[in-house]
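Reading through the structure tokens given below for one structure.
Just so it is clear, none of the values below were taken in a lab; they were calculated from the coordinates. Predicted, not measured: the structure shown is a model, and the values here were computed from it. Virtual Cβ from ideal backbone geometry, glycine too; neighbours counted across all protein chains shown.
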Amino acid sequence: MNFYVSDSVLCDVFIDAGVTTKKNCTSCVSYTCSNVGSGEGCPDDFFQRCSGKHKQNVDVVKSKNFNDLEYRYNGVDYISGCQNEIDGSKCIFKKDQKFYKNYGEDGSNYVCTEAGKPCSESDDGTKSSNNQHDTSSSNNQHDALKMIGIFVIGWVLSAA
């Protein structure tokens, strides 16, 4: 089985029901930022448009897998994905509909999923980005030590 992985996907770009154009992106994004507006496009479109009034939320999204993320907190909704499509317009529309069907329209609940799984760190956007830490390297070290331990026990048992 072959998987096609593209460096870019064609996405609709529009702001607040304005003129729609197409643009190549790393993933397609649908977003809403309270007191700013909503739109679709690329991750950078969200970062640029919402960073003024929602810098903390934008920093949280940037710290995650922002190409495959569903995030909601404090007036910001961010839905991304469809990077394996040639044209991701219909795909992101479906993801957007599913997001609002699952989590509602009111925006009062916290949501964070990366690649369909809950985010690795319970980060509701209340911490500054400087206080966030990545635990993946320590988890990898722990897994490596467990694997070495298994090999050592196997070697001891086979030598006995």
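The figures follow:
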{"read-out": "Protection-proxy order for peptides 73-86, 16-29, 34-47, each taking the mean of Cβ atoms within 10 Å per residue, highest first", "value": "73-86, 34-47, 16-29"}
{"read-out": "Linear extension gain, Leu10 paired with Asp106, 0.36 nm per residue minus alpha-carbon span", "value": "31.6 nm"}
{"read-out": "Inverse of mean 1/r across different Cα pairs in region 9-128, Kirkwood, Å", "value": "14.0"}
{"read-out": "Gain on full stretching of the segment that runs from Lys22 to Ser51 - 0.36 nm per residue minus C-alpha separation", "value": "8.2 nm"}
{"read-out": "Total lysine pairs under 19 Å (Cα atoms) in region 9-128, excluding pairs fewer than 8 apart on one chain", "value": "21"}
